[in-house]
Amino acid sequence: MKIILLGPPGAGKGTQAANIVKNYNIPHISTGDIFRKNIKEGTELGRKAKEYMDQGNLVPDELTCDLVASRLSEKDCESGFMLDGFPRNLFQAEYLDKFLSEKGIELDRVINIEVDPKLLVERACGRRICKTCGATYHIKFNPSKVEGICDVCNSELSQRPDDNEETVSNRIQVYISETKPLVEYYTEKGKIANIDGARDIDEVFGDIKNILS
């Protein structure tokens, strides 16, 4: 199974990614993980990426693509993979198509989790995180038993500074503007599968399984 997973911040993409990886036994490949691994191992590509990141700059498309291509060439990707956070634009999508074509690999599906932006803002602004163990809650959808206290370790819950309406709304709009061309690109190729992510987690994953089967 060779798939791409798309979804805006707050759409539950992380949860569904974990479900897909567990159910289909394929590696979860994200650019963030690739950057960290290469930097930690001191690879040439990792050193180049670190130079940009240390300066607060985005890693250029060409270098990002090279890093992803290197990761996809590893043995554990032979039976499948799930790309998360890549491609981010048309340049990266076209690079990926060319790379897969040269390897004789066909992309199976692009899963696009869709959620109304208003609900995404509500989800993000109501999120609370345990300062000690990292457990996550939501004041409406998944509240702790005692308000402001973690069920797991009894530590104080807090809201991330960037989980405010203005910042979240901006984050979502940036994502939508960046991703729209990708959705159109994969729609034209007949690869896209749009999923309603506003529903229960199990219902969403049920749709994903039906599509992938």
**Item:** Share, in percent, of DSSP beta bridges within the chain that are antiparallel, nearest 5
**Value:** 35 percent
**Prompt:** For q = 0.11, 0.20 Å⁻¹, what log10 I(q)/I(0) does the stretch 2-161 give under the Debye formula with an equal point scatterer on each alpha carbon and no solvent?
**Reply:** -0.58, -1.24
**Request:** Can you put 153, 130 in order of Cβ neighbours within 10 angstrom, beginning with the fewest?
**Result:** 153, 130
**Request:** Compute the long axis of helix 31-41 from its Cα atoms, compare it with the longest principal axis of the Cα atoms of the chain, and write down the angle in degrees, 0 to 90, nearest 10.
**Result:** 70 degrees
**Request:** Go through 105, 153, 124 and say which Cα lies farthest out towards the positive end of the charge dipole of the chain; charges sit on Cβ, +1 for Lys and Arg, -1 for Asp and Glu.
**Result:** 153
**Request:** Under a 10 Å cutoff between Cα atoms, tell me which one of 32, 85, 197 has the largest fluctuation in the Gaussian network model of the chain.
**Result:** 32
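Using helices alone, I'd like the mean residue ellipticity at 222 nm for the chain: each DSSP H run of four-plus residues gives -39500 (n - 2.57), total over residue count, nearest 500. Please report the intermediate quantities before stating the final value.
On the way: 8 runs with 105 residues, N = 213.
The helix-only estimate for the chain comes to -15500 deg cm²/dmol at 222 nm.
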**Message:** Once the cut-off is 14 Å, how many percent of the Cα-Cα pairs in the stretch 122-213 end up in the long-distance tail?
**Reply:** 74 percent
**Item:** Between the stretch 139-154 and the stretch 78-125, the Cα center-to-center distance that results, in Å
**Value:** 33 Å
**Asked** Which value, in debye to the nearest 20, describes the size of the charge dipole of the chain about its Cα centre when Lys and Arg Cβ atoms bear +1, Asp and Glu Cβ atoms bear -1, and nothing else is charged?
**Response** 420 debye
**Asked** Taking Cα atoms, how many degrees apart are the long axis of helix 165-188 and the longest axis of the chain, rounded to 10 and kept between 0 and 90?
**Response** 30 degrees
**In degrees, nearest ten, helix 61-72 long axis to first principal axis of the chain (Cα)** = 90 degrees
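Laboratory data are not the source of any read-out in this text; all were calculated from the coordinates shown. All of these numbers come straight from a predicted model, not from anything done at the bench. Cβ: placed from backbone, ideal geometry, glycine included. Neighbour counts: every protein chain shown.
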